[in-house]
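Colleague: Before I ask anything, here is the structure I am working with.
The values are calculated or read from the model by the stated rules, or taken from the named source; none is laboratory data. What you are looking at is a predicted structure, and each value in this text was computed from that prediction instead of being measured. No Cβ is skipped: glycine too gets one built from the backbone with ideal geometry, and neighbour counts run over all protein chains shown. Heavy atoms of the whole protein, side chains included, go into the accessibility calculation; ligands, DNA and RNA do not. Shrake-Rupley method; radii C 1.70, N 1.55, O 1.52, S 1.80 Å.
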Amino acid sequence: MTTVRIESTRPSGTPAPDGALVDRFGRVATDLRVSLTDLCSLRCTYCMPAEGLDWLSRAQRLTDDEFVRLVRLFVRLGVTSVRLTGGEPLVHPTLPSVVERLSSLTPRPELSLTTNGVTLASHAQALAASGLDRINVSVDTLDRERFRELTRRDRLPAVLEGVAAARDAGLGPVKINAVLVRGGNLHEAPKLLAWALEAGYRLRFIEHMPLDADHTWSRTDMVTADEILTLLTDAGYTVRPHGERGTAPAEEFDVTDGPGSSGWAEPVGRLGIIASVTRPFCRDCDRLRLTADGQLRTCLFAQSETDLRGPLRAGASDHDLAELIRTAVAGKQAGHGIGESGFTQPDRSMSAIGG
Ligand code: SAM
Ligand code: SF4
């Protein structure tokens, strides 16, 4: 494996908090992504094959008690933010109860959810009442036929209803995730931005990553952050960087002017670009991932995982599990290595890891 030099992200001399999960580059893990299920109601072409994947069995998936016990432990180890994802987290039958249990943890982590939105309209109020703080919904297109092509399901009206329901339930600011695909929805970037600004959603474009189950990703074919910004500028938008990025994956921009406007006095909204491939942010990464079958991944692109489910079911104490987690974090790789010689796409695809 290529060794990448990486410097500590904390100002020199700043000690990590006592007991924090620190890796050998000084990065402190505070953000946990939990994949509640590998199942999904859509089949997005950049993520899953048409026929789906070999789903985990019920016995392989963690139970709610196991999820809660592990998240409680991560919180004690310094995790302050927990994002529930999948697969599609809304197909997890007891999602509101999981949210409620996680929102009762002490200290209480910030709780968010990433969803495809298909059944969000009927879940949004219950999730807000259970203690969910924020929501991200994936919407790649506003064209019903293109949505059917991209996701292999005709569910756009339900998704748009779900996004509005999340906003009305107070789960804001609602963030919209969009992956642009050449020959698919690329030209829709300005239209998506106009829609998001109008409705008060925060749009974030995500660069396509080599995590598709079909292994069709290509560096030369993917849509880059530069290309997206050019497309928006050509469409009449003006954006300017919005403050310090910190550990957030999205580079944020204020939108200060738009097509047909004679200049807005104030920014009218925010745009984010998650340019994992062309503008990697690994040196500031504070994220960990727990898969639905209880494997800890310290990087989306890691080639190895740490099994927490086996020891958990064999009766490991919190102390033993904490040691496993500390050791895994300490060995976190410097960067994803996309584009370097020797880079290999991980066996698990995005939906099986938890994006
Ligand atoms: N099913 C939910 C959804 O789609 O929002 C949550 C899981 S999904 C894996 C999380 C995010 O990953 C989505 O916003 C999706 O667009 C994104 N995603 C999936 N495959 C990707 C890929 N190969 N590259 C970049 N983003 C991807
Ligand atoms: Fe399902 Fe989300 Fe993957 Fe689409 S991106 S197939 S909705 S897990």
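Colleague: For ARG24, what residues show an amide H to amide H distance below 5 Å, using hydrogens built from the backbone and excluding near sequence neighbours?
Modeller: It is LYS332, by chain and number.
Colleague: Non-local amide H neighbours of LEU113 (under 5 Å, H modeled in plane, Pro and chain starts lacking H): which ones?
Modeller: Residues meeting the criterion, in which the H sits 1.01 Å from N, are LEU84, ARG134, ILE135, ASN136.
Colleague: Shifting gears a bit: How big is the accessible area of PHE253 in square angstrom, nearest 10, if you roll a 1.4 angstrom probe over the protein chains?
Modeller: About 10 Å², rounded to the nearest 10.
Colleague: Which whole-Hz couplings ³J(HN,Hα) result when phi for each residue of the range 262-279 is put into the Karplus expression 6.51 cos²θ - 1.76 cosθ + 1.60, θ = phi - 60°, listed in order with x for Gly and Pro?
Modeller: Computed from phi, the couplings for the range 262-279 are 9, x, 8, 5, 10, x, 9, x, 10, 10, x, 10, 9, 9, 4, 8, 8, 9 Hz.
Colleague: Using a 10 angstrom Cβ neighbour count of at most 13 plus a DSSP loop assignment to flag exposed GluC sites (Glu not before Pro), which longest range of the chain is free of such sites?
Modeller: By the stated rule (loop sites, at most 13 other Cβ atoms within 10 Å), 52-243.
Colleague: Can you give the FRET efficiency for SER122 and ARG24, using 1/(1 + (r/R0)^6), R0 = 35 Å, r = Cβ-Cβ distance, to the nearest 0.05?
Modeller: The value I calculate is 0.15.
Colleague: Just by accessible area at a 1.4 angstrom probe, what is the order of TYR46, TYR237 from largest to smallest?
Modeller: TYR46, TYR237
Colleague: If each residue of separation counts as 0.36 nm, what is the full-extension length gain between ALA316 and ALA235 once their alpha-carbon separation is subtracted?
Modeller: 23.5 nm
Colleague: Sequence-distant or interchain residues sharing an amide H contact under 5 Å with VAL179, placed H: which?
Modeller: Correct list: ILE206.
Colleague: So, taking all protein chains as they sit and a 1.4 Å probe, how much accessible area belongs to HIS187, in Å² rounded to tens?
Modeller: Accessible surface of HIS187 is approximately 110 Å².
Colleague: Also: How big is the antiparallel share of DSSP beta bridges in the chain, given as a percent to the nearest 5? It would help to have the intermediate numbers written out before the result.
Modeller: Numbers: 14 of 44 bridges.
Antiparallel bridges: around 30 percent, rounded to the nearest 5.
Colleague: Let me ask something else about it. Please report, for the Cα atoms of the range 31-353, the Rg to one decimal and the Dmax as a whole number; what are they, in angstrom?
Modeller: Just the Cα atoms of the range 31-353 yield Rg and Dmax of 19.4, 66 Å.
Colleague: Largest first, what is the accessible-area ranking of SER57, SER122 with a 1.4 Å probe?
Modeller: Correct descending sequence by accessible area is SER122, SER57.
Colleague: What is the extension gain from ARG58 to ASP226, computed as 0.36 nm multiplied by their sequence separation minus the C-alpha to C-alpha distance, in nm to one decimal?
Modeller: Going from the current span to full extension adds 56.2 nm.
Colleague: Tell me, for the chain, which Cys residues have no other cysteine's C-beta sitting closer than 4.7 Å.
Modeller: Among the cysteines of the chain, those whose Cβ sits 4.7 Å or more from every other are CYS40, CYS282, CYS285, CYS299.
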